[in-house]
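For reference, the structure is listed below as C-alpha cells.
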Amino acid sequence: MKPNAAIRLLHDGRQPGAALPERFEFGLQMKSGEVLAGKPCGRELLRFDILVVLREGPDGELDYSGPAVHGGPCRRFLYLSWKRARPDPSWWGCRIKIPLRGIALLVAKPASELSFEANVVDRRPHDTTPISWLVGDAWSGHRD
C-alpha cells in the first residue's frame, strides 16, 4: 500500500493582484478542470483538504500523484484557481501554484499516512519561493 499525505491549504480567497471585472469560482483545481470550493475554518480563512499519494519516482526521489496533482516528475504542484464562471477559451483568471517538492525534505521515512499544512495567503501567481509546510497534527487548531 502506498502511503498517503493529507494536505491542507489555507487561503482567504482573495484574488492576488488587480481585481478582475467578472465573477470567478475559487478553489482547488483538479486535473479534470473542476474547482473544489474550500470550507470555512475561522480567522476568515478557507481550508482545502486533499489526499496525495506518495511514491518513489523514476529517479528514486519522492513523487506525488492524485486527482489534484499537476506537473511532471520533480515538478509536482497543486493549484488554487479562480475559474471564470462563463465558458471562455481562457478559463483561468488567476492561479496560484503550490509546489509539493518541499514535502520530500520533511519525510524521512514514509508512514502509512502523513499530514502537512500550509498557509498560502498572499502567495502570488508565478511565485517560486518554497512553501513553509507544518507537519503532523498541525490541523488541530483548524478543525470545525
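The values are calculated or read from the model by the stated rules, or taken from the named source; none is laboratory data. Nothing here was measured: the structure is a model prediction, and the numbers come from that model. Neighbour counts are summed over all protein chains in view; Cβ atoms, including those assigned to glycine, are modelled from backbone coordinates with ideal geometry.
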For this session: From the list Met30, Met1, pick out the single residue that is more than 20 Å from Ser132 (Cβ to Cβ) and either in contact with an Asp or Glu (Cβ under 6 Å, 6 or more places away or on another chain) or modelled with pLDDT of 95 or more (or both).
Result: Met30
Seminar exercise, completed: Those residues of segment 41-65 that are under 15 Å from Ala5 (Cα atoms) and either of a type in the set (A, V, I, L, M, F, W, C) or surrounded by fewer than 18 Cβ atoms within 10 Å (Cβ to Cβ) (or both) come to a total of 11
Seminar exercise, completed: In segment 87-127, anything at pLDDT 70 or above, of a type in the set (Ser, Thr, Tyr) and part of a loop (DSSP other than H, G, I, E, B) is listed as Ser90
